[in-house]
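Asker: Next up is a structure, given as structure tokens.
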């Protein structure tokens, strides 16, 4: 069921789309707060005209808080794998070619992790070939 949901076309897999969604969700909050401030302080009599109660405004603020937390969650889901991968890449750069990056996503970050794993595997193979060639040259 989860794989079917991921394969649907409306589920974005790219980092660009996830960033746009997170930014859109988080930028909605200041607009809703400005709307609330305008209704309560700039146009205080509009509540009677529009029939907007404090409960409705509180509901809007609660929804906006939920949306901002959702945007923060989406942003964190993008940033955490990048930070972890950067740490793993530093370990690999220091010579530990036994390190394997755990790939969870199917987006650009997942592709980068797979590419780093393939590069590390190729480096391991090249090191083994160099060892064999070194032993062969010792015999000569």
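Asker: Say whether the condition of being under 30 Å from residue 38 (Cα atoms) and touching a helix residue (DSSP H, G or I) at 6+ places or on another chain (Cβ under 6 Å) is met by at least one residue in the range 85-103. So that I can check it myself, show each step before the final result.
Answerer: First pass over the range 85-103, keeping only residues under 30 Å from residue 38 (Cα atoms): none.
Within the range 85-103, not a single residue is under 30 Å from residue 38 (Cα atoms) and touching a helix residue (DSSP H, G or I) at 6+ places or on another chain (Cβ under 6 Å).
Asker: Let me ask another. Spot the failing condition for residue 123; the list is (1) modelled with pLDDT of 90 or more; (2) surrounded by 12 or more Cβ atoms within 10 Å (Cβ to Cβ); (3) closer than 30 Å to residue 18 by Cα, and only one is missed.
Answerer: Only one criterion in (1) modelled with pLDDT of 90 or more; (2) surrounded by 12 or more Cβ atoms within 10 Å (Cβ to Cβ); (3) closer than 30 Å to residue 18 by Cα is unmet by residue 123, namely (3).
Asker: Still on this structure, please answer the following. With 35, 5, 43 as the choices, which residue is over 30 Å from residue 127 (Cα atoms), loosely packed, with under 11 Cβ neighbours inside 10 Å and modelled with pLDDT under 80?
Answerer: Values: 35 fails: loosely packed, with under 11 Cβ neighbours inside 10 Å; 43 fails: loosely packed, with under 11 Cβ neighbours inside 10 Å.
Selected residue: 5, the only one of 35, 5, 43 that is over 30 Å from residue 127 (Cα atoms), loosely packed, with under 11 Cβ neighbours inside 10 Å and modelled with pLDDT under 80.
Asker: Can we say residue 26 is modelled with pLDDT under 75 and either surrounded by 11 or more Cβ atoms within 10 Å (Cβ to Cβ) or outside any helix (DSSP H, G or I) (or both)? If you could, list the steps in order and put the result at the bottom.
Answerer: Values: modelled with pLDDT under 75: yes; either surrounded by 11 or more Cβ atoms within 10 Å (Cβ to Cβ) or outside any helix (DSSP H, G or I) (or both): yes.
Yes; evaluated as a whole, the condition is true for this residue.
Asker: Of all residues in the range 90-118, which are surrounded by 13 or more Cβ atoms within 10 Å (Cβ to Cβ), in a helix (DSSP H, G or I) and over 18 Å from the mean Cα position of the chain (by Cα)?
Answerer: Of everything in the range 90-118, those that are surrounded by 13 or more Cβ atoms within 10 Å (Cβ to Cβ), in a helix (DSSP H, G or I) and over 18 Å from the mean Cα position of the chain (by Cα) turn out to be 91, 92, 116, 117.
The values are calculated or read from the model by the stated rules, or taken from the named source; none is laboratory data. What you see is a predicted model; the values in this text were computed from it and never measured. Here Cβ is always computed from backbone atoms with ideal geometry, including for glycine, and neighbour counts include all displayed protein chains.
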